[in-house]
Ligand code: DP6
């Protein structure tokens, strides 16, 4: 087989119904399902170049040499599948700050497995790519698909049914997203660690899990019917419950800054005044505002005016991961 480099892109995704906790850490199997939207403008581009003469995988992240430890097991699986034992040069670029709560691991692993599948000619379908991406990072399984996406927790011990699938494409309901960046520092507690700690020490974790089926059902229905009121209710509730479970861990995890909370209040007051907008917050201090089509610009202007908001980024819903060359 001739070794051809391949480049793929994948968009970040934002969970409306959050993934928070694993049923198996080794295989990265989520304790419950989740529902997300994939973004067009916030993306990772990754090139995988298998090289006959390299002794180890090499990773360059945003132009800087980085430790390949987290991508090696992913590449090992493509080497095993293809029977081609070549180490790889991997170059990856995010067009948004890494480690700042914008889920760079999601778009990163989705782009990586899509590029690796092309470079090693393994011919996986979207389900297979989603499983490979999940093994890198749970939320990455969702970035294989565009638009509205549901991740299944699955029940099998081998994880073969724990993958994402498409609920609806972006044109079905072209919502907009505004990300308010309140700090560029890397987050204090990474999501893997935060969810493991919450699961093992928070008295609220069982309550979090017990509400998941109802939340997933409500979000699925809201998306199918384009019912923004229902989507607002489940999105804000899921985010607040996730953070409540983390706050109640021992010791508690507090991801929010003052500007985070100010954004949440502003979004609620805009909604009371008639703007179609709601919030969600992941394992970090950034706020993501989910807006009805056409309302993103107005929301971006208001959030940019809040003290402590360093930057706002506007995005639309976009396609799934794809090979670009
Ligand atoms: C809060 O996918 O980063 O963003 O599977 O351990 O890599 P690992 O975790 P990760 O967790 C994402 C958590 C979240 C919610 C979500 O995206 O659903």
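The values are calculated or read from the model by the stated rules, or taken from the named source; none is laboratory data. Values in this document were obtained by computation on a predicted structure and should not be read as measured data. Note that we place each Cβ from the backbone using ideal geometry, even for glycine, and neighbour counts take in every protein chain shown.
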I'd like the residue in the stretch 171-194 that is surrounded by fewer than 21 Cβ atoms within 10 Å (Cβ to Cβ) and more than 30 Å from residue 308 (Cα to Cα) and, out of all such residues, is farthest from the ligand (Cβ to nearest atom). 171
When every residue in the stretch 39-71 that is crowded, with 24+ Cβ neighbours inside 10 Å and over 20 Å from the mean Cα position of the chain (by Cα) is compared, the one nearest to the ligand (Cβ to nearest atom) is 48
What strands (runs of 3 or more DSSP E), lying completely within the stretch 41-105, carry at least 3 residues that are out of contact with any helix residue (DSSP H, G or I) (no Cβ under 9 Å at 6 or more places or on another chain), closer than 21 Å to residue 324 by Cα and assigned by TED's automatic domain parsing to the domain that holds residue 27? 87-94
Those residues of the stretch 5-17 which are within 18 Å of residue 114 (Cβ to Cβ) and near the ligand (Cβ under 10 Å from one of its atoms), in sequence order: 12, 13
Which of (1) more than 18 Å from residue 282 (Cα to Cα); (2) in a helix (DSSP H, G or I) does residue 231 not meet, given it meets every other one? (1)
I'd like the full set of residues that are modelled with pLDDT of 95 or more, outside any loop (DSSP other than H, G, I, E, B) and away from the ligand (no atom under 16 Å from the Cβ), limited to the stretch 290-313. 291, 296, 297, 298, 299, 300, 301, 302, 303, 304
Does at least one position in the stretch 79-93 carry a residue that is without any contact (Cβ under 8 Å) to a residue 40 or more places away in the chain and either surrounded by 15 or more Cβ atoms within 10 Å (Cβ to Cβ) or within 16 Å of the ligand (Cβ to nearest atom) (or both)? yes
Restricting attention to the stretch 18-38, which residues are part of a strand (DSSP E or B), surrounded by 22 or more Cβ atoms within 10 Å (Cβ to Cβ) and within 8 Å of the ligand (Cβ to nearest atom)? 30, 34, 36
Of all residues in the stretch 244-263 being buried (at least 20 other Cβ atoms within 10 Å of the Cβ) and not in a loop (DSSP other than H, G, I, E, B), the one that is farthest from the ligand (Cβ to nearest atom): 259
When every residue in the stretch 152-170 that is within 15 Å of the ligand (Cβ to nearest atom) and within 20 Å of residue 8 (Cβ to Cβ) is compared, the one surrounded by the most Cβ atoms within 10 Å (Cβ to Cβ) is 164
Scanning the stretch 132-151 residue by residue, those over 20 Å from residue 168 (Cβ atoms) and more than 13 Å from the ligand (Cβ to nearest atom) turn out to be 132
Taking residue 112 as the residue in question, decide whether it is in contact (Cβ under 8 Å) with a residue 12 or more places away in the chain and within 16 Å of the ligand (Cβ to nearest atom). yes
